[in-house]
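Q: A single structure is presented below for examination.
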Amino acid sequence: MIVRFTLNQSSVQLDVHPGDRLIDVLRANGLWGVKEGCGDGNCGACVVLLDGKPVNSCLVLAPRVDGCSVVTIEGIGSPQAPHPIQSAFAEHGAVQCGFSTPGSILSTYALLSENPHPSDDDIKRALDGNLCRCTGYVKKIEAIRSLID
Amino acid sequence: MAQLIPGLKEYARPQSIDEALGFLSRGDVEMKLYAGATSLAFSRPAVERVIDLTRLPLSHIEKTKEFLEIGALTSIRDLERHPLVQSFCGGILRQACDRLASTPLRNLITAGGNLLGGFPWSDLPVALLTLDAELRIASTDGHSERSMAPKGAVRRNDMIQPSEILTGIRLPADRAGYRGAFIKFSRTTVDFGIVTAAVSFGIDSGNRISDPRIACGCVTSEAMRIPQIEDLLSGQVASDELFESAGRAAAGVITPRADTRAPEDYRREMLGVTLTRALAAAWKGGRA
Ligand SMILES: Cc1cc2nc3c(=O)[nH]c(=O)nc-3n(C[C@H](O)[C@H](O)[C@H](O)COP(=O)(O)OP(=O)(O)OC[C@H]3O[C@@H](n4cnc5c(N)ncnc54)[C@H](O)[C@@H]3O)c2cc1C
Ligand code: FES
């Protein structure tokens, strides 16, 4: 079936199986920044923005996003022109193995769009769905704090 | 590419309740309704048609003289932040949403899906049990209302039939000013609960408890009210000692389940502790 949506600010039209997961469709289209950690909603490595809100793309069936906007890490910035959040994560060592980083940055992006001056508690809550097996949680908070001070 | 539901042939995206009921009433193939669809990866139903309810205009939260009504498709994240729920019965709904899964999941999970999912760890139904919630149901026969838990426990078959759609959850306004609290005891902020407890009650001029509702979740396979504790509290003067004795008594009337998170004895002990804390929090919160 055909699904039409906005992907990283461009209109796309994709032919999907109704049971395809959004995460697989995005990765099959070259968006490898969308990571699969657990596949059951626990880890947040697959987080993308659906109409501006972070969601676990491993739990979303692709046809659901018809008519919606989807943003992946590739839509936030590039190696040549990183987004300030991406630069802050790199500068503060908030990237270790890097696997959970795209999801964490997208959750941060959604947080700061809604609340430009979050408290530490707001930050912790916004990132509560992005697990980091390297346990680099404090550096993420420091990186985000550097953007709001 | 591996599919989540390999046999799925059709993904329906109705725009209206009538259109959704139309799909349901066809009865031609196995089908299932989905709201947040966060239970789908877990249950992987062998269906040929999925009916996606996310486009139905059911994400409202409204207050009338008699009710606070929560649209079935309201996300947990929108519910917890809505101005109308902040002070409703001591903020009990906000507290129930507060540690319900993680932020990205709270954006997907809906109030209706959390209630109907039928999981022992569901948080919202425990709070709703103490608010005398009524369900608004749509079927091809029209719209109707029914009590959420006629037997005092959260059971899917009492709430909904396969031919029906839940459109909203109504909370009678008479409990809006009652004291209330929900407490979740879990290993991390995003884990399933080991025990959850919710309480709501009125207070008369002599600080006597009136019309109490006491409920727990995660303890057995279904969220339930504890009528013995409601009887014990009714008409008594609120005090820390009373709340402690209520907690101890609750631990004596319920046989908890054991799972990987906690053995039976630990759950029993923590049920008492969590209930005592919820009663104290409701009492103190109401006073502030
Ligand atoms: C990793 C993880 C952790 C979680 N942790 C928690 C937690 O700590 N606490 C908690 O409470 N929940 C938690 N959940 C959520 C819970 O397990 C369910 O997935 C969720 O409540 C289902 O809500 P939903 O809106 O996604 O419903 P869906 O998955 O869409 O539907 C659930 C069921 O309800 C039916 N249904 C839904 N809406 C309607 C309607 N309007 N009319 C008729 N039928 C309907 C569906 O047919 C289905 O059978 C967690 C989920 C995940 C994935
Ligand atoms: S891969 Fe989606 S939450 Fe882990």
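Q: List, largest first, the extents of the alpha carbons of segment B:197-239 along their principal axes, each in whole Å.
A: Computed over the Cα atoms, the extents are 38, 16, 15 Å.
Q: Tell me the angle of helix B:240-253 to the major Cα principal axis of chain B, expressed in degrees between 0 and 90 and rounded to the nearest ten.
A: 50
Q: Please label the shape of segment A:72-148 as rounded, prolate or oblate, based on the square roots a ≥ b ≥ c of the eigenvalues of the alpha-carbon gyration tensor (a/c under 1.5 means rounded; beyond that, a/b larger than b/c means prolate, else oblate). Mind showing how you got there, number by number?
A: Numbers: a/c = 1.43, a/b = 1.11, b/c = 1.29.
Because its axes are fairly even, with a/c under 1.5, segment A:72-148 counts as rounded.
Q: A further question on this structure: What is the count of Lys pairs in the protein assembly as shown whose alpha carbons sit under 19 Å apart, if the two are 8 or more places apart or on different chains? Let's see the in-between values first.
A: Working: A:K35/A:K53; A:K35/A:K140; A:K53/A:K124; A:K124/A:K139; A:K124/A:K140; A:K124/B:K184; B:K9/B:K32; B:K184/B:K284.
Qualifying lysine pairs in the protein assembly as shown: 8.
Q: Okay, moving on. Suppose R0 equals 22 Å. What FRET efficiency, 1/(1 + (r/R0)^6) with r the Cβ-Cβ distance, do B:E241 and B:D98 give to the nearest 0.05? Display every interim value, and only then the final one.
A: Details: r = 28 Å, r/R0 = 1.29.
After rounding, the FRET efficiency stands at 0.20.
Q: Further question: Provide the convex hull volume over Cα atoms per residue for segment B:61-175, in Å³. Don't jump to the answer; show the numbers that get you there.
A: Numbers: hull volume 11.2 nm³, N = 115.
In segment B:61-175, the Cα hull volume divided by residue count equals 98 Å³.
Q: Quick check: pseudo-label points 7 Å beyond the Cα along Cα→Cβ at B:E48 and B:R26, how many nm apart are they?
A: Once both label points are built, they end up 0.9 nm from each other.
Q: Between helix A:137-148 and chain A, what is the angle of the helix's C-alpha long axis to the longest principal axis, kept within 0 to 90° and rounded to the nearest 10?
A: So the helix axis and the longest Cα principal axis differ by about 90 degrees.
Q: With the cut-off at 1.5 for a/c, could you classify segment B:125-232 from its C-alpha gyration tensor as rounded, prolate or oblate?
A: Values: a/c = 2.14, a/b = 1.31, b/c = 1.63.
Note, shape of segment B:125-232 comes out oblate.
Q: Pick from B:T54, B:T64, B:T103: which residue has the top mean-square fluctuation in a GNM of chain B where Cα pairs under 10 Å get a spring?
A: Looking only at B:T54, B:T64, B:T103, the largest GNM fluctuation is found for B:T64.
Q: Report the net charge of residues surrounding B:E145, where surrounding means a beta-carbon distance below 14 angstrom and charges are Lys +1, Arg +1, Asp -1, Glu -1. List each step's numbers first, then the result.
A: Values: positive: B:R136, B:R146, B:R170; negative: B:E66, B:E69, B:D132, B:E134, B:D141, B:D158, B:E164.
Neighbourhood net charge equals -4.
Q: What area, in nm² and to one decimal, does the C-alpha convex hull of the protein assembly as shown cast on average over all directions? Spell out each step's value before the answer.
A: Values: hull surface 87.3 nm².
Orientation-averaged projected area of the Cα hull: 21.8 nm².
Q: Count charges around B:A37 for me, please; just the other residues with Cβ under 10 Å from its Cβ, Lys/Arg as +1, Asp/Glu as -1.
A: It works out to a net charge of +1.
Q: Using a 10 Å cut-off around each Cβ of peptide A:50-63, what is the average number of partner chain Cβ atoms that fall inside?
A: Working: counts 3, 1, 1, 8, 8, 9, 8, 1, 2, 12, 7, 11, 4, 7.
Mean partner shielding for this stretch: 6.
Q: Taking only the alpha-carbon positions of segment B:10-52 and ignoring solvent, what does the Debye formula give for the base-10 log of I(q)/I(0) at q = 0.22, 0.24 Å⁻¹?
A: Computed log10 I(q)/I(0) values: -0.71, -0.83.
Q: Next question. If I build a Gaussian network model for chain B, linking alpha-carbon pairs within less than 10 angstrom, which residue out of B:G22, B:G272, B:G91 has the largest mean-square fluctuation?
A: B:G22
Q: Can I ask one more? Mind computing the radius of gyration and Dmax over the alpha-carbon atoms of segment B:179-285? Å is fine for both.
A: Gyration radius and largest Cα-Cα distance of segment B:179-285: 13.3, 46 Å.
Q: So what are the three principal axis dimensions of chain A from its Cα atoms, in whole Å, longest to shortest?
A: 46, 27, 27
Q: Can you give the relative contact order of segment A:84-148 as a percent, counting alpha carbon pairs under 8 Å and 6+ residues apart?
A: Taking the mean separation of contacting Cα pairs over the length of segment A:84-148, I get 54 percent.
Q: Using only the alpha-carbon atoms, what does chain B span along each of its principal axes? Please give whole angstrom values in decreasing order.
A: Rounded to whole Å, the extents work out to 60, 45, 31 Å.
Q: Additional query: Please arrange B:F243, B:F182 by how many other C-beta atoms lie within 10 Å of their C-beta, fewest to most. Provide the component values of the computation, followed by the final result.
A: Values: B:F243 23, B:F182 30.
Exposure proxy ranking, most exposed first: B:F243, B:F182.
Q: Taking a ≥ b ≥ c as the square roots of the Cα gyration tensor eigenvalues, with a/c under 1.5 meaning rounded and otherwise prolate when a/b beats b/c, else oblate, which class fits segment A:2-74?
A: prolate
Q: Here is a follow-up. Any idea what diffusion coefficient segment B:40-116 gets from Stokes-Einstein, in µm²/s, Kirkwood Rh on alpha carbon pairs, 10 °C, 1.306 mPa s?
A: Translational D for this selection: 117 µm²/s.
Q: Are there trypsin sites (Lys or Arg not before Pro) in segment B:8-79 that DSSP puts in a loop and that have at most 15 other Cβ atoms within 10 Å, and which ones?
A: Working: sites: B:K9, B:R26, B:K32, B:R49, B:R55, B:K63, B:K65, B:R77; in loops: B:K9, B:R55, B:K65.
Counting only loop positions with at most 15 other Cβ atoms within 10 Å, the trypsin sites (Lys or Arg not before Pro) in segment B:8-79 are B:K9, B:K65.
Q: What's the center-to-center distance, using Cα atoms, between segment A:41-60 and segment A:105-125 in Å?
A: Their Cα centres are 16 Å away from one another.
Coordinate-derived values only; no laboratory data. On a predicted model such as this, the values are computed, not experimentally measured, just so you know. Cβ sites come from the backbone with ideal geometry, for glycine too, and all protein chains shown count toward neighbours.
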